[in-house]
Amino acid sequence: MLPTHRIMKNGRGDFYDDDKYSKTNSKESHRNLRSSKLWIGLSIAAICILYYTYTRTSGEQAIDSADPFQQPDYGPIADNKVPPVQKTQPEQDDFEVADDDFEQEIISIDYQQPSHILFTQYPPPSSLRPSDTLLASRQAKVIQAFQHAWKGYAQDAFGQDEYQPLTHTGHNWAPGGVGLMIVDSLDTLMLMNLTKEYNEARSWIETNLNFNKDQDVNVFETTIRVLGGLLSAYHLSNNDPLYLRKAVDLGDRLLPAFNSESGIPFSGITLSNGVPVGYGPSSTAEATTIQLEFKYLSHLTGDMKYWNAAEKVMDRMQELVEAKDSSALDGLVPIYIDPHSGNFASREIRLGSRGDSYYEYLLKLYLQTDKSEIKYRERYDHAVDGIKKHLVQHSYPNNLLYIAELMDSSQPNNIHPKMDHLVCFMGGSFVLGVTEGASIHELDPLDKKDGEDFHLAEELTRTCYEMYNMTATGLASEIVYFNTNPHSGPDEPDMDIHMRDKHNLLRPETLESLFIMYRTTGQEKYRDWAWNIFESFEKYTKLPDGGYAALKDVTVIPPPADNRMDTFFLAETLKYLYLIFSPDDIIPLENYVLNTEAHPLPIFSPNEMQ
């Protein structure tokens, strides 16, 4: 086992677990301070009488400047309510950090009072840091990893949409950028309480972010990353109007994409003039994974145009699911849909690319509106029944559960034993469907269906972890193929990685499921698995001067690096790792849904439209 990172004594629990420690030490320190100042003052007075008046003045100034208990500047998040500072320097010396700035950032986020942290959450968290020493050290290492990733981006490509860490360059989707990396990272900065980096990001958004670009962008990616990031930041910032203003502007520019004959959105839109751009069919997942964001925008603004456009897509999907002449199959839908005709444009069904988040959002749309829209729960359950009936398979020789693909929905017995890493979100979705965000230990005994779904969650998550555990680097490939030979020997592998699929893009889906599995079950093995994955990221993808790089081949040591660090590494991968090792009341799943880019949005009642 690799050595664990050393931390401040008792995990700096004195800052965020029990403020009695801080208050007690403060009183004693200030008593000693008052006594010391009395004797010093008398001495100064005597010296001044014997010598010069100016000596008294300079002496007092020197004493004031040397006061070891002088309050430091904690920045705008402190609200002038900073608790007395303790003698923390020896503990700080014990904390290994990535750079000189990290220690100050840790100081600025350690207070347990919700009014002293960078984000606003309802209900407020009781503490930012776990009281357990090991967990605190692991959480701190994840924060350091984020800072290291941000350091590379900030010094090489700040303000640009994408980052190429090997060449120290960036790339924009449109001239001047659309804020992709910065906005996608914004709520992670807030949750980690990284005040300096957050202020830099907000300043860039205020002064540079402009969506009036004569450039077409992908509607889905722009919605989940930029619109979702702005909406989450608006909530977590206690309604900073900057973010809502930018969100409304972007939402209005994206909305014309829905102006198709069927209401199914085109895949692209020109931001400056609203001209749709589409080259053939739209991806089913892309058309059906913008609803959380558009409905929440309507909730905030009271303007139903966003809600209605998004809802029309889901209504059309349900018509196709129910139609007898459709290529849908028992709640499962093909991966392409034509925005002109509003019909499916293929028969291929999978829960990986182009299909995945349709199923994710069925459940989350039900949860987002406080379980008021029962139709989405019913549609999700219908789809899960279809998954269990047609797609759930087991490998040989170790009986690993996986979700296969159908190449043709008219031939449901023709199973393709391929699974994208993208499918690994589904373990978390299965358990979220069972618990609806609560702890499983708070529920009544599970009925047959919930018991089956919980078993699916456990077993699929185990398989996804084995996708990491099987490789030389400890990092998963993009795609695996499962062994379907019932005569396989006990030493034969359950999974095979094809040459074209050996890359790793720093994806978050397995960590997403590990986070939800831990939150809902409390089983420590999920934290242990997450830590193993994190250590592999640190060992094989971390670059010395800042940033992390994707890998071209996870099966060899050393693995060749790829020149990309996608925004989802900061928005999702490191955020899920941070939440896994954080107290459970940070972004509680009974009060929040996370969009498919891991941006937390609060649950609301549609009857409370603002």
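The values are calculated or read from the model by the stated rules, or taken from the named source; none is laboratory data. The model shown is predicted, which means the values in this text are computed figures rather than measured ones. Cβ coordinates were reconstructed from backbone atoms using ideal geometry, including for glycine residues, and neighbour counts include every protein chain displayed. Please note that ligands, DNA and RNA were not included when accessible areas were found on the heavy atoms of the full protein model with its side chains. Shrake-Rupley method; radii C 1.70, N 1.55, O 1.52, S 1.80 Å.
Which of the residues that make up region 99-136 are touching a helix residue (DSSP H, G or I) at 6+ places or on another chain (Cβ under 7 Å), modelled with pLDDT of 95 or more and assigned to a helix (DSSP H, G or I)? Selection gives THR133, ALA136. Against the condition in a loop (DSSP other than H, G, I, E, B), under 23 Å from PHE569 (Cα atoms) and either open to solvent by 10 Å² or more (accessible area, probe 1.4 Å) or touching a residue at least 24 places away in the same chain (Cβ under 8 Å) (or both), how does THR473 come out, does it pass? It is true that THR473 is in a loop (DSSP other than H, G, I, E, B), under 23 Å from PHE569 (Cα atoms) and either open to solvent by 10 Å² or more (accessible area, probe 1.4 Å) or touching a residue at least 24 places away in the same chain (Cβ under 8 Å) (or both).
Criterion applied to THR195, THR223 was being in contact with a helix residue (DSSP H, G or I) (Cβ under 6 Å, 6 or more places away or on another chain) and within 28 Å of ARG350 (Cα to Cα), and the one residue passing it is THR223.
When THR573 is tested against (1) under 17 Å from TYR468 (Cα atoms); (2) surrounded by fewer than 24 Cβ atoms within 10 Å (Cβ to Cβ), just one condition goes unmet, and that condition is (2). Residues that are touching a Lys or Arg at 6+ places or on another chain (Cβ under 7 Å) number at least 2 in the following helices (runs of 4 or more DSSP H) confined to region 224-329: 284-287, 305-322. When region 377-398 is filtered for residues that are of a type in the set (Phe, Trp, Tyr) and assigned to a loop (DSSP other than H, G, I, E, B), only TYR396 remains.
Only a single item in (1) open to solvent by less than 10 Å² (accessible area, probe 1.4 Å); (2) over 26 Å from the mean Cα position of the chain (by Cα) is not met by SER298, and it is number (2). Given the criteria in contact (Cβ under 8 Å) with a residue 40 or more places away in the chain, open to solvent by less than 30 Å² (accessible area, probe 1.4 Å), in a loop (DSSP other than H, G, I, E, B) and among the charged types (D, E, K, R), does GLU597 qualify? So GLU597 passes the test. Taking into account only those residues within region 413-445 that are outside any helix (DSSP H, G or I) and open to solvent by 40 Å² or more (accessible area, probe 1.4 Å), which is nearest to LEU589 (Cα to Cα)? This residue is GLU436.
Only residues that are under 24 Å from GLN121 (Cβ atoms) and either part of a loop (DSSP other than H, G, I, E, B) or open to solvent by 20 Å² or more (accessible area, probe 1.4 Å) (or both) were counted in region 205-223, giving 1.
Being open to solvent by less than 10 Å² (accessible area, probe 1.4 Å) and not β-branched (Val, Ile, Thr) is the filter; apply it to region 377-399 and report the residue that is farthest from GLU322 (Cα to Cα). First the steps, then the outcome.
In the first step, residues of region 377-399 are kept if they are open to solvent by less than 10 Å² (accessible area, probe 1.4 Å); the result is 380, 383-384, 386-387, 391, 395.
Narrowing the set further to residues that are not β-branched (Val, Ile, Thr) leaves 380, 383, 386, 391, 395.
Working: TYR380: 14, ALA383: 12, GLY386: 13, LEU391: 20, SER395: 32 Å.
Only one residue tops the list, namely SER395.
Can you work out which of the residues in region 476-512 that are assigned to a helix (DSSP H, G or I) and in contact (Cβ under 8 Å) with a residue 24 or more places away in the chain is surrounded by the fewest Cβ atoms within 10 Å (Cβ to Cβ)? It comes out as ASP501. Within region 513-565, the set of residues being farther than 16 Å from LEU577 by Cα, assigned to a strand (DSSP E or B) and open to solvent by less than 10 Å² (accessible area, probe 1.4 Å) comprises LEU551 only. Listed by first and then second residue, the pairs linking a residue in region 353-371 that is at positive phi to a residue that is buried (at least 23 other Cβ atoms within 10 Å of the Cβ), with Cβ atoms under 6 Å apart and 6 or more places separating them unless they lie on different chains, are ARG354/ALA285; ARG354/ILE335. For region 345-376, enumerate the residues that are of a type outside the set (Val, Ile, Thr), open to solvent by 30 Å² or more (accessible area, probe 1.4 Å) and outside any loop (DSSP other than H, G, I, E, B). Passing the criteria: only LYS375. Considering only residues that are buried (at least 20 other Cβ atoms within 10 Å of the Cβ) and under 18 Å from the mean Cα position of the chain (by Cα), look in region 142-152 and name the one that is nearest to GLU200 (Cα to Cα). Selected residue: TRP150. Regarding GLU221, is this residue closer than 30 Å to PRO588 by Cα and over 17 Å from the mean Cα position of the chain (by Cα)? The answer is no for GLU221.
What tally of residues in region 283-299 results from selecting those that are hydroxyl-bearing (Ser, Thr, Tyr) and closer than 12 Å to THR223 by Cβ?
So the answer is 3.
When region 259-274 is limited to residues that are of a type in the set (Val, Ile, Thr) and in contact with a helix residue (DSSP H, G or I) (Cβ under 7 Å, 6 or more places away or on another chain), the one that is nearest to LYS305 (Cα to Cα) turns out to be ILE264. Residues that are touching a helix residue (DSSP H, G or I) at 6+ places or on another chain (Cβ under 7 Å), under 17 Å from LEU460 (Cα atoms) and in contact (Cβ under 8 Å) with a residue 12 or more places away in the chain occur in region 533-548; there is at least one.
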